[in-house]
Amino acid sequence: MTRAIVIADYGVGNLLSLERAIKAIGGEPNRTADPEIIARAGHLILPGVGAFAHCVEQLQNHGIKQAVLQHSKSGNPMLGICVGMQMMLSRSSEFGTHAGLDIISGNVADIADITQDSDIRIPHIGWSKIMFRNGETGISPLFSNFDTDAYVYFVHSFAACPDDTKHQLAITRYEGHAITAAINAGNIYGVQFHPEKSGPAGLGLLNNFKDL
């Protein structure tokens, strides 16, 4: 049976490419702004591109912020992508201080501030490998059978900093610095990279999410 994956549609994100990727793995994308469908989704993806504050504001304006929070407490899998992942944290310092969804305690900060490297090139755009805690791909079912030699696609200037390092599922190295690439707390998952634009490795991750 084809499994439905709900995509929260609040006017932000790479929704068409994400829908295509879900179809490519045999899933059934359901792009919606209906709060009831979002809250009760078996599998929910929270996309996001652009500024953190704008994305949070759009969630509120579309009337689905509370639905996303309700889903986060349901026990059903949720996947945040790029700014969708960042919004899962408590706050961001992008263009001021802004509150996030506070699903996972932590903050989002400028890569230059995180690395304390004023010469680092911002934004981080391009293909990078990711690494897991203790080198274990089996640390999470989201990355089951993930090819550690694979490259995935990033485009961002800010990065997630979970308060508890156990929620930092994976990192990437950019100009010699470690930056959060994936987070996890229970049924909540987030990736800084774009799986829908990351070739076979990204499709494999989405397929793992579908099967959670």
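The values are calculated or read from the model by the stated rules, or taken from the named source; none is laboratory data. Being a predicted model, the structure only gives us computed values, none of them experimental. Note: ideal-geometry Cβ built from the backbone for every residue, glycine included; neighbour counts use all protein chains shown.
Go through (1) assigned to a loop (DSSP other than H, G, I, E, B); (2) more than 15 Å from the chain's Cα centre (by Cα); (3) of a type in the set (Val, Ile, Thr) for Ile37 and report which single condition fails.
In the conditions (1) assigned to a loop (DSSP other than H, G, I, E, B); (2) more than 15 Å from the chain's Cα centre (by Cα); (3) of a type in the set (Val, Ile, Thr), Ile37 misses (1) alone.
Starting from residues that are of a type outside the set (A, V, I, L, M, F, W, C), in contact with a strand residue (DSSP E or B) (Cβ under 7 Å, 6 or more places away or on another chain) and within 19 Å of Gln60 (Cα to Cα), keep the ones in segment 1-41 and report whichever is surrounded by the fewest Cβ atoms within 10 Å (Cβ to Cβ). Working first, answer last.
We begin by selecting, within segment 1-41, every residue of a type outside the set (A, V, I, L, M, F, W, C); these are 2-3, 9-11, 13-14, 17, 19-20, 23, 26-32, 34-36, 40.
Going one step further and asking which of them are in contact with a strand residue (DSSP E or B) (Cβ under 7 Å, 6 or more places away or on another chain), we end up with 2-3, 9, 19, 23, 27-32.
Retained after the next criterion (residues that are within 19 Å of Gln60 (Cα to Cα)): 9, 31-32.
Numbers: Asp9: 17, Arg31: 17, Thr32: 15.
Selected residue: Thr32.
Is it true that some residue in segment 80-91 is farther than 25 Å from Ala4 by Cβ, basic (Lys, Arg), buried (at least 16 other Cβ atoms within 10 Å of the Cβ) and without any contact (Cβ under 8 Å) to a residue 60 or more places away in the chain?
Initial filter on segment 80-91 (farther than 25 Å from Ala4 by Cβ): 86, 89-91.
Subset that is basic (Lys, Arg): 91.
Subsequent filtering for residues that are buried (at least 16 other Cβ atoms within 10 Å of the Cβ) retains 91.
If we keep only those that are without any contact (Cβ under 8 Å) to a residue 60 or more places away in the chain as well, we get 91.
Yes: segment 80-91 contains one or more residues that are farther than 25 Å from Ala4 by Cβ, basic (Lys, Arg), buried (at least 16 other Cβ atoms within 10 Å of the Cβ) and without any contact (Cβ under 8 Å) to a residue 60 or more places away in the chain.
In the set Arg121, Arg173, which member is over 17 Å from the mean Cα position of the chain (by Cα), in a strand (DSSP E or B) and among the charged types (D, E, K, R)? Please lay out each step first, then the result.
On the way: Arg121 fails: in a strand (DSSP E or B).
One residue alone meets the criteria, Arg173.
Taking segment 130-148, which residues are without any contact (Cβ under 8 Å) to a residue 60 or more places away in the chain and in contact with a Phe, Trp or Tyr (Cβ under 6 Å, 6 or more places away or on another chain)?
Across segment 130-148, the qualifying residues are Thr137, Ile139.
Could you tell me which numbered condition Ser118 fails, if it satisfies all but one of (1) more than 29 Å from Leu59 (Cβ to Cβ); (2) surrounded by fewer than 13 Cβ atoms within 10 Å (Cβ to Cβ); (3) at pLDDT 95 or above?
(3)
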